[in-house]
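The values are calculated or read from the model by the stated rules, or taken from the named source; none is laboratory data. It should be emphasised that the depicted structure is a prediction, and the values quoted were computed from it without experimental measurement. Cβ: placed from backbone, ideal geometry, glycine included. Neighbour counts: every protein chain shown.
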Amino acid sequence: MSTSHLTRAALAALLLASQASAQVGGVSREEMWYAPTEEDWAKPCLITWQRTWDDALTVARETGKPILICVNMDGEIASEHYAGVRYRQPEIAKLYDPYVTVMASVYRHTPHDHDEEGNRIPCPRFGGVTCGEHIAIEPILFEKFFDGQRVAPRHIMYELSGGEQYDVYYAFDTQSVFAAVEEGIVNREPVDPEINRGDRSLLERVASRATEDRAEVEAAYRTGDKVMQRRLLESAGTYKEVPQVDLLRLALFGGDPELRQVAWGVLLENPTPEAVALIGDVLDLPLSEEDRATLISALEGLADVSTHARTLAAVHRGLSSDSGAVDSAQWKTALEYAAAEARPRDPSKQLEEGEFGAQAADPQALLSMAEGYLSLAAHPGANEDYSKLLFTDAREAALEAERAGASGWRVAVVKALSSYYLGEREVAYGLAEEAVGGLPKDANSWSAAAALGLLAEVRQRDIANAANSQQPWPSEWLADLNGAYAVLASHPHGTDLHAANQYDFLFALKAYRDSEEVLQRGLERFPDSQSLHARLRQQLLFRRGVSGLNSLEATYEELLKAEDASPNLPWFAGYASLVSAEFMRRRGDDEEALAAYDRSIAHFETSVVNNAKNELSAAHYVALCHGGQARLAYEAGQDARAVELILASFSRSPDSASSLDGLNISTVDTAKMVRSRLIERGATEEQARLQAALDALDPKHLELPAYERGGPSPQQGRGQGRRRGGRGRQRGN
């Protein structure tokens, strides 16, 4: 048997032995993976994470080290323990030192990755990497190593020469994981490093992908004089094979025009796929048309090697172009004319007139009849089954009109919309562009708006399909989409859903500046839209050039001062404060989080006073606020305070007890942690009160969350070298 096989067998034996020992000892989940305290979270994360997978591969090759892939999940009890406790302990960090380490987590813990001056904002949970980096690496690792299964915590050892050595997840205890980490190095054949990093000067470190060197170079730029800053930027232009995008970002978003110009030259002299996101962020700034065109041309130059670059180029070309399918100016005139008419056309009268004229096979009369059927079918009060019959009649009448000689956009509108609502979307999509090719007399009708919405849906589908298949798409498609939504923004049958769809699509395409304008117009028209307020929170937290958390609550405070503010606005302000509190918890600002929770509760209670219909939802979120405060009290060692807040949460909304907050933690989760520590301390009176409250809940709230249930048995494996333990965790009540 080979050494590697002996190692794997030994590791498996260690795992099973540790499981048996823990099971005999009867250690509970809460005791095995105790939650980190406020003091724990305040300690720095001591693991050095590489920023990208390409960086990790390069550093592994240069140093001769293996790669250790770590996977973490917010709210999962063991993941919380690793992130808040183990990764911050010197003795554990020492075990990880012989590896090149990367962190994968799909959760965001800061609103954005850089501040308005281009400085990196390290993830407060993991340190070193930004949230964008540990999020971006996850799908890469999922594709390469996870076998289609997302579980956490997880530790995978990968050798450049030998592939995957072990994959530990569903382990019963921490010791089995640390044993694997240690044994993976102890039984490894030594490998000579390619490069001695210590021999490199500061300027030579610009050529390094190692996160330590990148951080040192960026720190030297921030603290150095202008001569040093310029030399570092020029070095970045010399070492073209290692893109130093964060160094360039410091200059491009900095206040020195001369240094900005140097960085601009380096960026455009050798644009790389790694720099595409930076180019996109710069395009989000106020720029001259010439500079904007230069950046778009740089993206187009990368189109053959980067689908992201190709997409961004098409996006920005489309945003600056007029639609060939929708003439926004003519539609505006048509809407104004239609609005000036005494009253809209009565579909029943229209149908009656059409049926009378249809007896003579008059194509225009047949078409009017088809439009009458269509209007009646789309009426909000129409029975669903009856509507289907009317849509069928509308299409048949349109086809008959077509056979009688009718043609053009009126025929296309009826055929497209009736086909769409009869479930024949491909037929409808094929007619969409023709359906908006003319200017209807009743431009303010439902059918006119529906035809515009259909064209927008077609273009969105076309762009999404091309992007998903990594195929190029013409910028005119985005111009058509924007043109259709621009008309719907003022159309009487336009809705908040139209604004939300346009915002989402532009935001997904990273056209942040344009998406912000869409959102602002939408909220002015639909101030009580849940969908648009959700997007306002997203936009405030993630847009460039602002401090997201400060802007979020401040924006709502300003909105509340308006004389015409909606009576429901305090509800939205309460939710904004709740979101702020959770982000403050993520970054360790516990006192600020507690205050934000208090503001959230106050807003929600005001919303109930303004509108009694808000009671149920307000109670739910107030309960979550108390639950979040209870977690902070527990982490601060204030168990009595935590019990009071848990009881307040259960009292305000018992059905919210197991609801997960934004950190993936429920009030029941916190209650179990508090109960475990009360038992340990012998605080019988507080324990009894807490247990009574837990016992009073519906038993369904005491079950483990879905992601904590199940798991493969110890015998399940995918092949040689794979090792995994059964869950074996003693579950709390």
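Values computed for the structure shown
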item: Condition broken by Q471, with the remaining ones in (1) over 24 Å from the mean Cα position of the chain (by Cα); (2) free of Cβ contacts under 8 Å to residues at least 12 places away in the same chain; (3) outside any helix (DSSP H, G or I) satisfied; result: (1)
item: Condition broken by P111, with the remaining ones in (1) at pLDDT 90 or above; (2) surrounded by 23 or more Cβ atoms within 10 Å (Cβ to Cβ); (3) not acidic (D, E) satisfied; result: (1)
item: Among the residues listed as A467, A479, the single one being more than 19 Å from A338 (Cα to Cα), hydrophobic (A, V, I, L, M, F, W, C) and modelled with pLDDT under 90; result: A467
item: Subset of region 44-76 that is of a type in the set (A, V, I, L, M), crowded, with 24+ Cβ neighbours inside 10 Å and under 24 Å from the mean Cα position of the chain (by Cα) - its residue that is farthest from E274 (Cα to Cα); result: V71
item: Some residue of region 79-86 being of a type in the set (K, R), touching a residue at least 40 places away in the same chain (Cβ under 8 Å), in a helix (DSSP H, G or I) and farther than 21 Å from T670 by Cβ; result: no
item: Test set (1) in contact with an Asp or Glu (Cβ under 9 Å, 6 or more places away or on another chain); (2) in a helix (DSSP H, G or I) - I156 fails condition number; result: (2)
item: Residues of region 55-66 that turn out to be in contact with an Asp or Glu (Cβ under 8 Å, 6 or more places away or on another chain) and not in a loop (DSSP other than H, G, I, E, B), as a count; result: 3
item: Elements of type helices (runs of 4 or more DSSP H) in region 225-334, at least 1 residues being surrounded by fewer than 21 Cβ atoms within 10 Å (Cβ to Cβ) and in contact with a Pro (Cβ under 9 Å, 6 or more places away or on another chain); result: 289-301, 307-319
item: Residue list for region 78-96, filter: hydrophobic (A, V, I, L, M, F, W, C) and in contact with a helix residue (DSSP H, G or I) (Cβ under 6 Å, 6 or more places away or on another chain); result: V85, I92, L95
item: Residue in region 477-497 that is within 21 Å of T307 (Cα to Cα), among the polar types (S, T, N, Q), surrounded by fewer than 18 Cβ atoms within 10 Å (Cβ to Cβ) and free of Cβ contacts under 8 Å to residues at least 60 places away in the same chain present; result: no
item: Matching option when the condition is surrounded by fewer than 18 Cβ atoms within 10 Å (Cβ to Cβ) and assigned to a helix (DSSP H, G or I), among E117, E143; result: E143
item: Lone unmet requirement of (1) buried (at least 20 other Cβ atoms within 10 Å of the Cβ); (2) more than 18 Å from L497 (Cβ to Cβ); (3) of a type in the set (A, V, I, L, M) for V458; result: (2)
item: Condition check for E218: acidic (D, E) and under 30 Å from L247 (Cβ atoms); result: yes
